[in-house]
Amino acid sequence: MYGQPEIRLYDTLTKSEKTLQPIEPDTVKIYVCGPTVYDYSHIGHGRTYVVYDSLKRYLSLRGYNVVHVVNITDIDDKIIRRAQEENRDWRSIVDEYTRDYFEAIEKLGIRVDHHPRVSDHIGEIIEFIERLIDRGYAYIAPSGSVYFEVDKYEDYGRLSGRLDKEYWSQEAEFLGEKKKPYDFALWKAAKPGEPYWESPWGRGRPGWHIECSVMSSRYLGGRFDIHGGGTDLIFPHHENERAQSEAFFGVKPWVSIWMHTGMLTVGVDKMSKSLKNIVPLRDALKKYQPGVLRLWYLHVHYRKPLNYTEESIEQAEKLYNRLVSAHDLLLKLQREMQNPHYLNNEDLKILNELKQVYVDFHKALSEDFNTPEALAAVNKLLGIVYRDIQYNPKYMLVSQALRILGTANYVFGAFEEKPVYTEAGEELEKILGLLIEVRKELRKRGMYDIADTIRSELLKYGIQLMDRGLETTWIRIKKQ
Ligand code: AMP
Ligand code: ZN
C-alpha cells in the first residue's frame, strides 16, 4: 500500500532517537526487567509490561521475529524481609506472587517468550562473577561478598546522566568493606537465617544487578537490541548492568537501545509498594476489562508519566466500547453485504481518507512508538465508519476499515475479535459443545458411523466439525 517508515526509538544512553537495526536482521531481541515477587503486581508494573508487549506486537506486525525475555527476581532482600516478617519460607512468598504475576499478565494478553528465574541460574551467575574477578573488575571482601569495582569501568554514569562520582553512591550498608562508596555487590555473603547457595567465596546469594546481565545473555546472547524497564531502574540497576556486561563481554554498546517507560503516578508520587499507594492489578482487572486497561496505558506516550485517576480509565472504557461497537458494526455490514458494488468518486474519497488513517497509524508507531498519535488515527477511522461507511457500506470501504481496525487492535491488544461464527450465541455454543462430547465418546467406542452422521447432519445447518485426534472444533460455514 505504501513504503513502511523506518522504526525509530528513543535511546536513554545517547539521549536521541535511533533507527532500529537489529543485530540479526530479521529478529529483534528484547529484555525487560520484570517483577521482584514479594507482593502483588500493581497497575504501575502493568503499564511497563503492556508497553513492551504492544511494542512486540508492533514489531511483529512489521515483519520481525521478536524474542521477548522478562526475568523474575525470586531472590532478593525484600523477599527475605517479607519471609522473616511473616515467618514463612521465602519460597512460598515467591510462589504466591509469581502466580499472581502470571495470572495478571495472562489476563492482560501479554505473551513473553522466556521468564527466567534467578534461582534457576545461580551456577551461571557464579561463573560470570568468577570471570569478572579474573579480569580484575571485581574483588572479594573478607565477609565473602564480592563487589564490582566501578573505577575499573571507564564509562560509568553515562546512561543515567550522572557523570559526577558524587552521585554514584549506593548500597550504603556495605560501606565498611567496599573500596569505594559506589561499588556494588555481585555476590552477598549469607547472614544467619538467610537463604544461601554454595560458592567459591562461601555461602551467599547473588546481588540484584548481576542476574539481568547473566540471564539476558543466556537467552539473547552477549549483545542484543532493546533493553527495557521503567525509568526507576536507570540508576543504579541499569547503570550497573551495563558496566558489568560491557566489562564481561568486552563489547560496546552492550545493547543497541535502552528504552524506559515513564512511571505510573498517583499525583506526584510513583505508584509503589513502599509509598502504600498501590492498586493491585488483580483488583483493577476485576473492575475493568483487560482491554480497557491496555488502552488506558497506551493513551499516553510511554516515556511520559501516566497519572492514575478513575476518570481517565473511564475515558479509556468509552474508547474501548466505541472500538468494539465499530468492529461489530463493520462485521455486520460485511455479512449483510449485497453485490455488486460500484465505487463512485465519493467512495474513492473515503478510501483515500482510510488510506491516510493507515499511513498516520504506522507513522505514529514508527516514531518512537507514539501510541497516543496512533490512537488519534484510529479515532479518525471511527469517525469515517460512523459518518460514511455505516450509510454506504460498499465492499472496499467496509473491508479496508475492518483491516485497519484489526491491525490497530492487533497492536493495542484491546478487544477479542469474536469471529462471526460465534454470533449464534451462547446457547448454540453449549449445545454444540455437548454434541461434540457425545461424538467423542462414540468415536472412542469405535461407533464411527453415528459420529459421521452427526457430522454430516450438522453440515446441513452450516456447522462444520473439524477433528484433530479426538479433539474437535467447529466453524460456521455457508449452509450446504
Ligand atoms: P519491580 O518489581 O518493582 O522491580 O518492577 C518490575 C517492573 O515494573 C520494572 O521494569 C519497573 O521499572 C516497573 N515498574 C515498577 N513500578 C512502576 C510504576 N509505578 N510505573 C511503571 N512501571 C513500574
Ligand atoms: Zn534488570
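The values are calculated or read from the model by the stated rules, or taken from the named source; none is laboratory data. Nothing here was measured: the structure is a model prediction, and the numbers come from that model. So basically every Cβ, Gly included, is an ideal-geometry build from the backbone, and we count neighbours across all protein chains shown. Accessible surface is based on the protein model in full, side chains and every heavy atom, while ligands, DNA and RNA are left aside. Shrake-Rupley method; radii C 1.70, N 1.55, O 1.52, S 1.80 Å.
Using modelled backbone amide H atoms (1.01 Å from N, in-plane), which distant-in-sequence or interchain residues come within less than 5 Å of Ile463's amide H?
For Ile463, whose amide H was placed from the backbone, the distant partners under 5 Å are Ile477.
Looking only at Cα atoms, what is the convex hull volume of the range 310-412 per residue, in Å³? Mind dumping the intermediate values first?
Working: hull volume 9.1 nm³, N = 103.
About 89 Å³ per residue, rounded to a whole number.
Take the solvent-accessible surface of the protein heavy atoms, probe 1.4 Å, and return the percent of it on the range 8-307 that carbon and sulfur atoms account for. Intermediate values should be presented prior to the final figure.
Details: 5880 of 12150 Å².
That fraction is 48 percent.
With θ taken as phi - 60° and the coefficients 6.51, -1.76 and 1.60, list the Karplus ³J(HN,Hα) couplings across the range 86-102 in order, rounded to whole Hz; mark glycine and proline as x.
So the J values, rounded to whole Hz, are 9, 6, 10, 5, 4, 5, 6, 5, 4, 4, 4, 7, 5, 4, 4, 4, 4.
For the range 310-412, give the percent of accessible area contributed by carbon and sulfur heavy atoms, probe 1.4 Å, rounded to a whole number. If you can, show how the numbers build up before the last one.
On the way: 2500 of 4980 Å².
The C+S portion of the solvent-accessible surface of the range 310-412 is 50 percent.
How long are the semi-axes of the equivalent ellipsoid of the range 1-79, defined as square roots of 5 times the Cα gyration tensor eigenvalues? Whole Å, largest first.
After scaling each eigenvalue by five and taking roots: 29, 14, 13 Å.
Taking the 0 to 90 degree range and rounding to the nearest ten, how far is the long axis of helix 426-444 tilted relative to the main principal axis of the chain, both from C-alpha atoms?
80 degrees
Once you list every other residue whose beta carbon is under 12 Å from the beta carbon of Asn277, what net charge do they have if Lys and Arg are +1 and Asp and Glu are -1?
Working: positive: Lys270, Lys273, Lys276; negative: Asp269.
Once all neighbours under 12 Å are counted, the net charge is +2.
In debye, nearest 20, what is the charge dipole magnitude of the range 425-476 about its Cα centre with +1 on Lys and Arg Cβ and -1 on Asp and Glu Cβ, if you could check? Walk me through the numbers on the way to the answer.
Details: 10 positive and 10 negative charges, 34 e Å.
So the magnitude is around 160 debye.
Sorted by mean Cβ packing within 10 Å, highest first, what order do the peptides 63-72, 190-199 take? Mind showing how you got there, number by number?
Working: 63-72: 19.6, 190-199: 13.9.
Those peptides, ordered most packed to least, come out 63-72, 190-199.
Would you pull out the residues with amide H under 5 Å of Thr265's amide H, same chain only if 5 or more places away, H placed 1.01 Å from N?
Amide H neighbours of Thr265: Met271, Leu306, Asn307, Tyr308.
Using the structure shown, select from Lys152/Lys178; Lys165/Lys270; Lys18/Lys56 the pairs with a Cα to Cα distance greater than 21 angstrom. Before the final figure, lay out the partial values.
On the way: Lys152/Lys178 14 Å; Lys165/Lys270 26 Å; Lys18/Lys56 17 Å.
Pairs exceeding 21 Å: Lys165/Lys270.
Two decimals, Cα atoms only, Kirkwood Rh: what is Rg/Rh over the chain? Spell out each step's value before the answer.
Working: Rg = 26.8 Å, Rh = 25.6 Å.
Computed over Cα atoms, the ratio is 1.05.
Give me the Kirkwood hydrodynamic radius of the range 321-480 in Å, from all C-alpha pairs, to one decimal place?
Its Kirkwood hydrodynamic radius stands at 18.4 Å.
In degrees from 0 to 90, rounded to the nearest 10, what is the angle of the helix 310-335 Cα long axis to the longest principal axis of the chain?
Long axis of 310-335 versus the principal axis of the chain: about 40 degrees.
Carbon and sulfur: what percent of the range 430-480's accessible surface (1.4 Å probe)? Don't skip to the end; give the middle numbers.
Numbers: 2130 of 3750 Å².
Heavy-atom surface of the range 430-480 belonging to carbon and sulfur, 1.4 Å probe: 57 percent.
Taking Cα atoms, how many degrees apart are the long axis of helix 345-366 and the longest axis of the chain, rounded to 10 and kept between 0 and 90?
10 degrees
Under a point-charge model restricted to the Cβ atoms of Lys and Arg (+1) and Asp and Glu (-1), what is the dipole moment magnitude of the range 1-149 relative to its Cα centre, in debye to the nearest 20? It would help to have the intermediate numbers written out before the result.
Values: 19 positive and 25 negative charges, 121 e Å.
My answer is approximately 580 debye.
Where does the range 1-158 land on the Kirkwood hydrodynamic radius, alpha-carbon pairs, in angstrom?
Details: mean 1/r = 0.0532 Å⁻¹.
In the range 1-158 this quantity evaluates to 18.8 Å.
Any lysines with Cα under 19 Å of the Lys380 Cα? List them, leaving off those in the same chain fewer than 8 positions away.
By straight Cα distance, Lys380 reaches Lys318, Lys349, Lys355, Lys363, Lys394.
Would you mind classifying the range 219-342 by shape? Square roots of the alpha carbon gyration tensor eigenvalues, ordered a ≥ b ≥ c; an a/c under 1.5 is rounded, otherwise it is prolate if a/b is larger than b/c and oblate if not. Numbers along the way, then the final one.
Values: a/c = 3.60, a/b = 1.60, b/c = 2.25.
The shape class here is oblate.
Return the percentage of antiparallel bridges among DSSP beta bridges fully within the range 8-307, rounded to the nearest 5 %. Walk me through the numbers on the way to the answer.
Numbers: 18 of 36 bridges.
In the range 8-307, DSSP labels about 50 percent of beta bridges as antiparallel.
Would any residue of the range 216-239 have its amide N under 17 Å from a label point 7 Å out along Cα→Cβ of Tyr167? List them or say none.
231-239
Using the Cα centre of the chain as origin and beta-carbon charges of +1 (Lys, Arg) and -1 (Asp, Glu), tell me which of Tyr31, Asn345, Asn71 is placed farthest towards the positive end of the dipole.
Asn345
Using a Förster radius of 22 Å, what is the FRET efficiency between Lys18 and Glu373 based on their Cβ-Cβ separation? Nearest 0.05, please. Could the numbers behind the result be given before it?
Numbers: r = 19 Å, r/R0 = 0.87.
Step by step, r from the Cβ atoms, then E = 0.70.
Can you give me the accessible area per residue for the chain, using a 1.4 Å probe, in Å²? Before the final figure, lay out the partial values.
On the way: 22680 Å² over 480 residues.
Roughly 47 Å² per residue, with all protein chains present.
Given +1 on the Cβ of Lys and Arg, -1 on the Cβ of Asp and Glu, and no further charges, what dipole in debye does the chain carry about its Cα centre, rounded to the nearest 20? Working shown, then result.
On the way: 67 positive and 71 negative charges, 209 e Å.
For this selection, approximately 1000 debye.
Using label points projected 7 Å from each Cα along Cα→Cβ, tell me how many nm separate Tyr391 and Lys273, to one decimal.
So the two model labels end up 5.7 nm from each other.
Kindly give the semi-axes, whole Å and largest first, of the ellipsoid equivalent to the range 275-368, taking each as the square root of 5 times a Cα gyration tensor eigenvalue. Spell out each step's value before the answer.
Values: eigenvalues 261, 73, 15 Å².
Its equivalent ellipsoid spans semi-axes of 36, 19, 9 Å.
Counting helices only, and only those DSSP H runs with n ≥ 4, report the 222 nm mean residue ellipticity of the chain as the sum of -39,500 (n - 2.57) divided by its residues, in deg cm²/dmol to the nearest 500. Don't jump to the answer; show the numbers that get you there.
Working: 14 runs with 213 residues, N = 480.
When only DSSP H runs of four or more count, the value is -14500 deg cm²/dmol.
Which of the lysines could a cross-linker bridge to Lys276, judged by Cα under 21 Å and excluding same-chain residues fewer than eight apart?
Hits, sequence-local ones excluded: Lys78, Lys286, Lys287.
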